[in-house]
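Reviewing the structure listed below.
Here, each number is a calculation from the coordinates, and none is a lab measurement. Here the structure is a predicted model, which means the values were calculated and not measured. As a convention, Cβ positions derive from the backbone with ideal geometry for all residues, glycine included, and neighbour counts pool all protein chains shown.
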Amino acid sequence: MNPDIYNVDGWLRPGDIVLSVPPKAGTHWLMYTVHMLRAKGKVQRLEDLYQEVPWAEFVYYPGQTVRERVEYVRNLTSKYGKDIAVYKSHLSPKDYKVRDEIRYIVGVRNPYDVASSLRAFYYNIDASLSDMWGGFPPGAGRVLLPDDRWEHYLTVDSGDGTPFLPRLLQPVASWWLHRRSKNVLFVHYSDRLKNDTREIERIAKFLQLELPTEKLQHMAKAVSFNAMKANHENLEPSKILQHFQALGKIDPSVRVLNRKVEQPVYVKGPSRTGTVEIPQSLRNKIKQTLYAQFGPEIAHWIESGGEFPMDADLPGPTTSSSNSK
């Protein structure tokens, strides 16, 4: 990923939407939901969700320049004319300047499930794609990293001498300073599981869309995990890969998914339970890091969702007075 694209003027237009979601925190779910809301709740026939909601900061092939990416995402979203464009992002305000005229939806999921899901996701990536990027992610298409290696990766060294866990938590911490901004909305994965019609309605209001209750209920069914899993071939970036292969930018042998697994990148979805699938030692370290970085009130919300702790501040010198606009 390369954040430089956010420093290029012109490609983001007033009213556009950036979905800022840490890895494995419900990214595809949010992408598809907002894409359908943009269509006023009409179920859209897709060839590739990433052709409708581009991943702006992602470098699609080695050597792709920022200008090439700008041209590419502009071409993808130009089909919407004056309507809103939507972009996927795993980045956050530490990587770019938050703009008042752009709307940001921040996805949050408890870090235990994220840690479990990310390990499976790494394995589901095909080895050929990993080789194209110098061996990242670790174990891709070859081995599901065992507990000790995965714990080491998250909490000690992810390959550059630093642990990966803080990078999973940092986006929420960075966005927390903007939680009072009118153009920022937090959406918790657990709250969607509890009542997705209600959460879709919250997102719709944030986007200034008014849809009847029956339309929202229909949408909740259309974007459910089972519905998305049945349509997974169109919700993954395979068509994007084929596009660049046809241009000779990527070797034809490269694939997105592990040939041995051949499953969608969200294999388990809401049935993922990090409290069972990762060892107690790792759960303890995640909890310790989470509570140290966020304090008990915010950390509990990150774990469980529910009532949003708007008045809770991060530990340290930063206060809520710096969050207002």
request  = Kindly work out what percent of the DSSP beta bridges joining two residues of region 3-322 are antiparallel, to the nearest 5.
outcome  = 5
inquiry  = Take Lys239 and Glu47, extend 7 Å from each Cα along the Cα→Cβ direction, and tell me the distance between the two endpoints in nm.
reply    = 0.5
key: Estimated dipole of region 91-225 in Debye, rounded to 20 [Cβ of Lys and Arg +1, of Asp and Glu -1, Cα centre]   = 620
remark   = Of the listed links Lys182/Lys215; Lys42/Lys221; Lys88/Lys194, those spanning more than 18 angstrom between alpha carbons are Lys182/Lys215; Lys88/Lys194
query = What is region 3-322's relative contact order, in percent, from Cα pairs under 8 angstrom and six or more apart in sequence?
reply = 25
ask   = What order, most packed first, do the peptides 24-34, 189-199, 276-286, 119-129 have when packing is the mean number of other Cβ atoms within 10 Å of each residue?
value = 24-34, 119-129, 189-199, 276-286
inquiry  = Could you sort the peptides 102-111, 239-248 by per-residue average Cβ neighbour count (10 Å cutoff), highest mean leading?
reply    = 102-111, 239-248
key: Magnitude of the charge dipole, the chain, Cβ model with Lys/Arg +1 and Asp/Glu -1, debye to 20   = 600
query = With a ≥ b ≥ c the root eigenvalues of the C-alpha gyration tensor of region 3-322, is it rounded (a/c under 1.5), prolate (a/b larger than b/c) or oblate?
reply = rounded
ask   = With labels modelled as points extended 7 Å from the Cα through the Cβ direction, what inter-label distance (nm, one decimal) is found for Ser253 paired with Asn2?
value = 2.6
query = Which residue fluctuates the most in the chain, going by a Gaussian network model with Cα springs under 10 Å, if the choices are Pro252, Pro14, Pro309?
reply = Pro252
remark   = Plugging the Cβ-Cβ distance of Glu71 and Gln280 into 1/(1 + (r/R0)^6) at R0 = 45 Å yields, to the nearest 0.05, a FRET efficiency of 0.35
remark   = Pseudo-spin-label distance Gln217 to Phe136, built 7 Å along Cα→Cβ, given in nm, is 4.6
ask   = Once fully extended, how much extra length lies between Arg198 and Asp160, figured as 0.36 nm per residue of separation less the alpha-carbon to alpha-carbon distance?
value = 9.5 nm
request  = Kindly identify region 1-118 as rounded, prolate or oblate by the Cα gyration tensor criterion: order the square roots of the eigenvalues as a ≥ b ≥ c, call it rounded if a/c is under 1.5, otherwise compare a/b with b/c, prolate if a/b is larger, else oblate.
outcome  = rounded
